[in-house]
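**Student:** Please see the structure below; I have some questions.
The values are calculated or read from the model by the stated rules, or taken from the named source; none is laboratory data. As the structure is a computational prediction, the values presented were derived from the model and not from experiment. Cβ sites come from the backbone with ideal geometry, for glycine too, and all protein chains shown count toward neighbours.
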Amino acid sequence: METPWMIDTHCHLNLGQYNEDYQTIIDDALEHKTAIIIPGCDLASSKKGVEITTAYTGKPIWAAVGQHPTETGEEWDEKVYSDLARSDFVVAIGEIGLDYFHLPQDALEREHAVIAQKKLLQQQLDLAHEVKKPVILHCRDAHDDLIEMLIKQYGVWTSDRERGVIHCFTAGIREAQSYLDLGFLISFTGIVTFTNEYDDVLKDIPFEKLMLDSDAPFLSPVPHRGKRNHPRYVEFIAKKIAEVKGVTFEAVVMQTSKNARRLFEISF
Ligand SMILES: [Zn+2]
């Protein structure tokens, strides 16, 4: 049997860590049948992601555009994001979300930061709705607030098109179930290769709702932990999922790729 393509649904090749060699990395990934989605964190990285993917027209590499919750210091440029979001190379709005891990200590500053994050997220959920594209969500220590916003935004999910993905999932089954009920997929990073803490939740999430997510350059899986990450390393995440779910590595690659193709409406 021919080896199936893996899809790294979350890889920041548009960041400075790859300035010198992102082309070499993309070529290497493609040669080893690894497709790539490059999410944006701010305007510069969003633009760069679209530039990179445009240069690879015809290859299985796409971008997402968005402003990360830790980037609220940058003013949200509705017009530019809206133009970028309509590009054929852009398959989602992301990464966007809520991050309460990095909030200031002072109570009042904290409150303002939360308001700013929610406002930024809301603007981008609205943009996703407008351009009819899914969202790539980042969430750290803010699941209750995020779920509340998603319920308000999307309402009940009736098994129509899925709405997005919770990337780098590190919460429990209660949160996972809420996201699944709302029509979201869930992706796991290399974190699952260096702790067994998420084995149970991984076991419980239906196979057809899982995707692979390197979050490169961060979170390199074992045996590359601590080094700069590479899209091809999603292989080690797939191996861990196979072990936990008791299925073959090939089955994980095929199913997670199928899920990514469906969510992002990509074909190659
Ligand atoms: Zn990321």
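**Student:** Quick check on my filter: what residues within segment 1-57 are away from the ligand (no atom under 16 Å from the Cβ), assigned to a loop (DSSP other than H, G, I, E, B), within 17 Å of TYR233 (Cα to Cα) and of a type outside the set (A, V, I, L, M, F, W, C)?
**Tutor:** THR3, PRO4, ASP21, HIS32, LYS33
**Student:** Which residue out of PRO231, PRO221 is touching a helix residue (DSSP H, G or I) at 6+ places or on another chain (Cβ under 9 Å), crowded, with 20+ Cβ neighbours inside 10 Å and modelled with pLDDT under 95?
**Tutor:** Only one candidate qualifies: PRO221.
**Student:** Suppose we filter LEU84, LEU108, LEU98 for residues that are in contact with a strand residue (DSSP E or B) (Cβ under 7 Å, 6 or more places away or on another chain), modelled with pLDDT of 95 or more and more than 20 Å from ILE38 (Cβ to Cβ); which single one remains?
**Tutor:** LEU98
**Student:** Do you know which residues across segment 94-110 are without any contact (Cβ under 8 Å) to a residue 60 or more places away in the chain and crowded, with 22+ Cβ neighbours inside 10 Å?
**Tutor:** Residues satisfying the conditions are ILE96, GLY97, LEU98.
**Student:** Going by the conditions given, is ILE96 farther than 22 Å from PHE184 by Cβ and of a type outside the set (Lys, Arg)?
**Tutor:** So ILE96 fails the test.
**Student:** Just a yes or no: is a residue in segment 61-80 under 19 Å from ARG261 (Cα atoms), out of contact with any strand residue (DSSP E or B) (no Cβ under 9 Å at 6 or more places or on another chain) and either away from the ligand (no atom under 13 Å from the Cβ) or of a type outside the set (Gly, Ala, Ser) (or both)?
**Tutor:** no
**Student:** Another one. Do we find that ALA238 is touching a helix residue (DSSP H, G or I) at 6+ places or on another chain (Cβ under 8 Å), surrounded by fewer than 18 Cβ atoms within 10 Å (Cβ to Cβ) and not in a loop (DSSP other than H, G, I, E, B) in this structure?
**Tutor:** Here the answer is no, as ALA238 does not meet what is asked.
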